[in-house]
Amino acid sequence: MSAPYAKLPAWADYGLIPLINLFVAFLVAGLVVLLVGENPLRAAVILVEGAVGRGQAIAYTLYYATSFIFTGLAVAVAFHCSLFNIGGEGQAYVGGLGVALVCLTFDSLLPWWLTFPLAILGAAAFGAAWAFIPAYFQARRGSHIVITTIMFNFIAASLMVYLLVNVLKPAGSQAPQTRTFLEGGQLPKLNWMLEAMGLTVRSAPFNISFLLALLAAFLVWVLIWRTRLGYEIRMRGHSPRAARYAGVNEVRIIIVTMLISGALAGMMALNPVMGDQNRLQIDFVTGAGFVGIAVALMGRSHPAGIVPAAILFGMLYQGGAELAFEMPGISRDMIVIIQGLVILFAGALEHMFRPTLQSVFASFSPRSVGIEASRGERA
Amino acid sequence: MAEAAIELKGISKSFGAVRANRDIDLKIARGTIHGIIGENGAGKSTLMSILYGFYQADRGEIFVNGERAAILSSSDAIARGIGMVHQHFMLVHNFTVLENIILGAEGEPLLKTSVAKARAELERLERDYGLEVDPDAVIEDLPVGLQQRVEILKALFRGAEILILDEPTGVLTPSEADHLFRILRQLKDEGKTIVLITHKLREIMAVTDNVSVMRQGALVATRRTEETTVEELAELMVGRRVLLRVEKGPARPGDFMLSVRNLTVEDSRGVKMVDDVSFDVRAGEIVGIAGVAGNGQSELLEAITGIRRAVSGSVTLDGEPVELTGRADPADLRRRGMAHVPEDRHNMGLVLPFEENENAILGYHWQERYLKGPFLDIEAIRRDAQDKIEKYDIRPPDTRLKTANFSGGNQQKIVLAREMEQDPKVLIVGQPTRGVDVGAIEFIHKRLIDMRDQGKAVLLVSVELDEIRSLSDRILVMFAGRIVGERSPEATEGELGLLMAGVEEEKEAAQ
């Protein structure tokens, strides 16, 4: 009896378990709020209202979610190859350089809808290039990708500061940022979509790259589950020995996977750089690369899980900002604690409730967990 | 019958809805060797884990020496005089024998005194039971047979009166196994009680006094060994009559399909695992490679199939040379007609989290019939998997089921179906029936003979000597990385056993 617990049905695996984890995370977060002397129920109401209570709030939530979808997908693609790419932060940062160079070059020549595809290519190419170096070292030399990608985050940060201060900053300006893009380098907002649903949005950075993020999620699903490349990525991810046996070139598959992962991380830059700030600024990624890890964990590396997980983290970002504003006892750091708890329960302790839930399921519905199936084979 | 050392009454244990043990009553008489036999998943290990305190039974009672015992952990079991020798040894490799034996039973904060006491005790045990091992030898320098002896000493050191051995002969040569049996008989004569878990019928007949048969979680029969036969036990295990002997006609060997010359393979530390090996396999014959596990068979298979780099030598497949360097490509070899059923089904032959249909194309996923451009042709893949499931009677017949949920025998059938249905010229098979139940073994053996009769060249590597002898047309014996002899399948087990132990190596070399 090597596997005492049978599998859970998919809806419980992908739906119920994340919900239970989330509930526990909020329960513990509530205790923390109680500890600092605030009313946790009121805090929860403020947080949720601040995230989805008004059209304005929803637009901001979706704006943040857009970034997290890209970085979450980036981490997920690498996960499928059992590579832990924690360099999304740096890859997105360098991806921003690609976006900025395209926009600075073409914003006076082309309309946005021609600049946009070029900027997508620029973001993807620069993000992928930044992921290539760690990928090459992992594939050829066995240098651990966790170490190299995190180091490359720091190198990216230094490189970008240098470029912004010494190269890209317009003459005479004090701020380490590029000039503002002209109309040809600005993405249209999607706020009208929310307004069409009867909500009011004063001004929010929610833009068309949200649709690109959804498209990317769909394409990642196609890639992983419907293409030969995705099949080989998953094979290598589950069992490098089986991949070797099947004749999959490990060096190639590691590098290709990381290029795709880096490209997705790089595309995150489109959202803030071209969709919101319309210029390349220092530290515009603001942790989205790391949130992507949590999003991928919580979304079980499946695009259908990543999109809702990204929206949830968008809510935490947006609602958390409101909460810090409304409740003086709760600082910005408290919000980080709550986010950390969600990551802890949804990611790191993902399997905590699984065995219990599995025996509960098995006890009243053995068929639903595939036990009959594994029995029948001996008949 | 003497007083019962162990008595189990109504033991039941479920994992979820899987009833691993159902209502088991078992009496083990003191001073006897009691065999427990059953297929994989019959519940033998669960039952012994309950007795040793790894699991608690849902229902039922355990009596040790007539006294009701609550065994909640392995330390409870040890306190009651129960010792266990695991299938996979629980030894610290870079510790000495003595250090391993006192590990967890040091007794005092300072090692010096307990080590001295332990040494005296260990010497007494070795003397009393004829279990000589150098107390200061480091475990990793000892051969497997001696490591097992250390495990037995460990249990005796902790005062075991009842010894449970879980599949103890899996890693031993026939002569090492015989030696183990001699030790077990001696322990019995000293009044110890021994429980022997195995799936090898021959061992049961050779050494036990009584035998209990388990099937699907239930204890179906207990017999006195001298009053039963191998055939009866096999039938009790499987629940139907089984053919233990494979029926096959004479081989009609044809052209040389696979030729290996002076092949040398090293492991990552530069130790020679395969040393100057040469042999041929012809169309229409099965060549078996016998040997104790770890004598280079795995490395040999991996080098021939392009998975592992060889240091020197050459291999030709149907007259064409095979790339043996870092550019070796298993996919290219498959294109040229080499199919490979790997030894390590779980990590190499299958991706366990994959659906069955995804594993049915593993290694052949580049074939046009499974693809539409860069996309997988999911329908064609599932249809293909369905065909194979029907043809090879894979159960349950569900192409969408995760591969991990199939039994060992059915997993092996998935691999066999995939490799055999490619209609290869050369079929390389490693441990085809490891962890496979008796019913499936019969099926797999028949299919391998079929392949031979269709004119395929089959290279079979197995540590099961019975399997090698009943399937092969020629037997090569491998020891310490070298082919130390070739025998016909009529060779006696004793003769092959000596070769496997490296005893006749010098004589062969001199000839």
Inter-site label distance for B:His88 and B:Arg261 at 7 Å from Cα along Cβ, in nm: 4.1 nm
Between 0 and 90°, nearest 10: helix B:144-157 axis offset from chain B longest Cα axis: 20 degrees
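Mind ordering B:140-147, B:7-14 by average Cβ neighbours within 10 Å, highest first? Numbers along the way, then the final one.
Details: B:140-147: 15.8, B:7-14: 18.9.
Packing order, densest peptide first, comes out as B:7-14, B:140-147.
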Distance from the stretch B:184-254 to the stretch B:324-391 (C-alpha centre basis), Å: 37 Å
Whole-number D in µm² s⁻¹ for the stretch B:117-226, Kirkwood Cα-pair radius fed into Stokes-Einstein, 10 °C, 1.306 mPa s: 105 µm²/s
Shielding by partners - mean other protein chain Cβ count within 10 Å, residues of A:225-231: 6
Residue exposure sequence - A:Leu182, A:Leu62 - by fewest surrounding Cβ within 10 Å: A:Leu182, A:Leu62
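Going by average Cβ density within 10 Å per residue, which order do the peptides B:54-66, A:96-108 take, highest to lowest? Don't skip to the end; give the middle numbers.
Working: B:54-66: 16.1, A:96-108: 23.4.
Packing proxy ranking, top to bottom: A:96-108, B:54-66.
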Chain B: angle of helix B:408-420 to the longest principal axis, Cα-based, in degrees nearest 10: 20 degrees
Dimensionless Rg/Rh of chain B - Kirkwood Rh, Rg from C-alpha atoms: 0.99
The stretch A:59-314 - Rg (one decimal) and Dmax (whole number), Cα, Å: 18.1, 61
Radius, Kirkwood style, for the stretch A:1-125 when every pair of distinct Cα atoms is counted (Å): 19.0 Å
Per-residue mean of C-beta atoms belonging to partner chains within 10 Å, peptide A:251-260: 0
From phi via Karplus (6.51, -1.76, 1.60), per-residue ³J(HN,Hα) for the stretch B:309-319 in Hz, x at Gly/Pro: 6, 9, 7, 7, x, 9, 9, 10, 10, 6, x
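Take every Cα-Cα pair in the stretch B:344-471 and report what % of them are more than 25 Å apart. Can you show the working numbers first?
Numbers: 1843 of 8128 pairs.
Cα-Cα pairs in the stretch B:344-471 separated by more than 25 Å: 23 percent.
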Cα point-scatterer Debye curve for the stretch A:209-274, base-10 log of I(q)/I(0) at q = 0.19, 0.22 Å⁻¹: -0.76, -0.91
Among B:192-198, A:303-309, B:372-378, the order from most to least packed when residues are scored by Cβ within 10 Å on average: B:192-198, A:303-309, B:372-378
Over the stretch B:459-505 - Rg/Rh using Cα atoms and the Kirkwood inverse-distance radius: 0.91
For the protein assembly as shown, diffusion coefficient by Stokes-Einstein and Kirkwood Rh (Cα), 10 °C, 1.306 mPa s, µm²/s: 51 µm²/s
For the stretch B:10-61, average projected area of the Cα convex hull in nm²: 3.9 nm²
Burial ordering of B:His93, B:His34, fewest other beta-carbon atoms within 10 Å first: B:His93, B:His34
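Averaged over its residues, how many other protein chain Cβ atoms are within 10 Å of peptide A:236-244's Cβ atoms? Mind showing how you got there, number by number?
Working: counts 1, 2, 6, 11, 2, 9, 13, 5, 6.
That average works out to 6.
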Label-point gap, in nm, between A:Tyr162 and B:Glu227 - each point 7 angstrom along Cα→Cβ: 8.8 nm
At R0 = 30 Å, FRET efficiency that the Cβ-Cβ distance of A:Ser173 and A:Arg332 yields, to 0.05: 0.55
5 Å binning of all Cα-Cα separations within the stretch B:4-238, expressed as whole percents from 0 upward: 1, 7, 14, 18, 19, 16, 12, 7, 4, 1, 0, 0
Neighbour-count order for A:Trp113, A:Trp225, fewest beta carbons within 10 angstrom listed first: A:Trp113, A:Trp225
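With r as the distance between the Cβ atoms of B:Asp450 and B:Met205 and R0 = 25 Å, compute the FRET efficiency 1/(1 + (r/R0)^6) and round to 0.05. Walk me through the numbers before you get to the answer.
Numbers: r = 31 Å, r/R0 = 1.22.
Step by step, r from the Cβ atoms, then E = 0.25.
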FRET efficiency, 1/(1 + (r/R0)^6) with R0 30 Å, evaluated for B:His179 and B:Ala105 via beta carbons: 0.70
Pair B:Ala120, B:Asp332: separation of 7 Å Cα→Cβ label points (nm): 6.8 nm
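Since every read-out is calculated from the coordinates, none of them should be taken as a lab result. Please read all numbers here as calculations on a predicted model, not as lab measurements. Note: ideal-geometry Cβ built from the backbone for every residue, glycine included; neighbour counts use all protein chains shown.
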